[in-house]
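Data block below; observations after.
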Amino acid sequence: MTFSPVETAREEQAAYRDLLGTELEDFLALQHSVLEDISGEALPLLDAVRNLARGGKRLRGLLAYWGWRGAGGAALHPEAVKAGAALELFQSAALIHDDIIDRSDTRRGGPSVHRIFSMAHAESDWHLDGSHFGSSAGILAGDLCLSFSEEMFSAVGPRAAHGTEARRIFNRMRTEVMAGQYLDILEEVAGPGHDPEHAVVRALNILRYKAAKYTTEHPLTLGGALAGARPEFLAGYSRFSLPLGEAFQLRDDVLGVFGDPQTTGKPAGDDLREGKRTVLIAYALSRGSEDAREEITARLGDPELDDDGVDRLRGILRDTGALEATEELISRHTEAAFSALAALPLDDVPRAALDALAHSAVKRSA
């Protein structure tokens, strides 16, 4: 029986996901013994990491794998599995820290990591400030996850050693995410004093470095670099994956305001309560009247914002054309990504897999 490239890619991807899950579980089982030697009381840190690492779409790990395969890497190779696991651990660390920064109590439909620790404080009737304990323990869980990510990536071997292109990409990815995260929190506190006419430029820069590049571009090029891809081939990967990542994050921002909680795993309008100054908000500030700007500034970031307040801000985002402009930007980035994918010199199976991943990334709906 002959399978189509789409069917072959689906089967191979399922096998890779299984191997990736096993790699993570085996690695974390070894870490369990390390922490247990220190103290059984430290094991909740590992439990938090394990529970978070088990979930998610595995987008970064899958992109790294198909970047590897598209550049000629062998199917289901252990090096590609370890690289994907390292990226998934980094993603988990970023989510843990991001939820603390955003004061978000939920993640993937359940309590966020720092919230789990603050709940444990309350249930055990411990002393001092439970919220502070939760945030502190969450920071440490995220730091532990970052350490695990580095350990896993080093285990890839010589292809990930100092001086290699893969190591350069991995290191740059981590630096860019931290810088982008800082720019994000800086914008939240300084944003009202900034010129609203330049809000979109600032928001797009934050989106690129905090999220888009590490979501798609760095994983894909990392996989390609591990397989020995030449610079021009990696540049082609970037022309495809960067606009894809930007479209993905823009869609995420739209869902953060207009999405169904059953789809997003977060309460409706939570991004508004957290005060996220996304491209969507930036368009409203740059295009809206003075009254609209004042209302956005007054309501954005209010943790007590009720459903009526959420609906009011949604109305402003529609009326100013911010939602429409964001959707148009998503469309342009999506078109650029698929045009670049068509130009890549890929075999049929990696092409089919990347096409499917790209569609699933940008076609999500509320």
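The values are calculated or read from the model by the stated rules, or taken from the named source; none is laboratory data. Here the structure is a predicted model, which means the values were calculated and not measured. With ideal geometry, Cβ positions are generated from the backbone for all residues, glycine too; neighbour counts draw on all protein chains shown. Each accessible area value is taken on the protein alone, full model and side chains, heavy atoms only, with ligands, DNA and RNA left out. Shrake-Rupley method; radii C 1.70, N 1.55, O 1.52, S 1.80 Å.
What accessible area per residue, rounded to a whole number of Å², is obtained for segment 326-366 using a probe radius of 1.4 Å?
Ligands and nucleic acids excluded, the result is 48 Å² per residue.
Using the Cβ atoms and a cut-off under 14 Å, what net charge is assigned to the surroundings of Glu197, where Lys and Arg are +1 and Asp and Glu are -1?
Working: positive: Arg202, Arg287, Arg293; negative: Asp195, Glu290.
Local charge sum for Glu197: +1.
By accessible area, using a 1.4 Å probe on protein heavy atoms only, segment 25-179 has 56% of its surface on carbon and sulfur.
Just add up the charged neighbours of Leu344: K/R +1, D/E -1, any other residue whose Cβ is under 15 Å from the Cβ of Leu344. Local charge sum for Leu344: -1. Put a plus charge on the Cβ of each Lys and Arg, a minus charge on the Cβ of each Asp and Glu, and nothing anywhere else: the dipole of the chain about its Cα centre is then about 1300 debye. Converting phi to 3J(HN,Hα) with the Karplus coefficients 6.51, -1.76 and 1.60 and the offset θ = phi - 60°, segment 65-72 yields 5, 6, x, 5, 5, x, 8, x Hz in sequence order, with x at every glycine or proline.
The solvent-accessible area of Phe338, taken with every protein chain present and a 1.4 Å probe, is close to 50 Å².
Ligands, DNA and RNA excluded, the heavy atoms of Leu46 present near 0 Å² of accessible surface to a 1.4 Å solvent probe.
Dividing the convex hull volume of the Cα atoms of segment 77-144 by its residue count, what figure in Å³ per residue is obtained? Display every interim value, and only then the final one.
Working: hull volume 6.3 nm³, N = 68.
Taking only Cα atoms, segment 77-144 has a hull volume of 92 Å³ per residue.
The residues of segment 75-179 have, on average, 47 Å² of accessible surface per residue, using a 1.4 Å probe with all protein chains present.
How high is the relative contact order of segment 157-295, given as a whole-number percent (alpha carbon pairs under 8 Å, six or more residues apart)?
Details: 136 pairs, mean separation 39.2, N = 139.
With pairs under 8 Å counted, the relative contact order is 28 percent.
For segment 208-288, the carbon plus sulfur part of the accessible surface works out to 47%, probe radius 1.4 Å. Sparse packing (at most 14 other Cβ atoms within 10 Å of the Cβ) combined with a DSSP loop state is found for the following trypsin sites (Lys or Arg not before Pro) in segment 1-74: Arg54, Lys57. Sorted largest first by accessible area at a 1.4 angstrom probe radius, with every protein chain in place, the residues Asp348, Asp143 fall in the order Asp348, Asp143.
Which order do you get for Leu146, Leu272 if you rank them by accessible area with a 1.4 Å probe, largest at the top?
Values: Leu146 45, Leu272 0 Å².
Largest to smallest exposure gives the sequence Leu146, Leu272.
Over segment 1-157, what lengths in whole Å, largest first, do the semi-axes of the equivalent ellipsoid take, defined as the square roots of 5 times the eigenvalues of the alpha-carbon gyration tensor? Please list the in-between numbers first.
Working: eigenvalues 229, 54, 30 Å².
Semi-axis lengths for segment 1-157 are 34, 16, 12 Å.
Working note: Cα atoms of the chain, range along each principal axis, descending, whole Å: 61, 55, 42.
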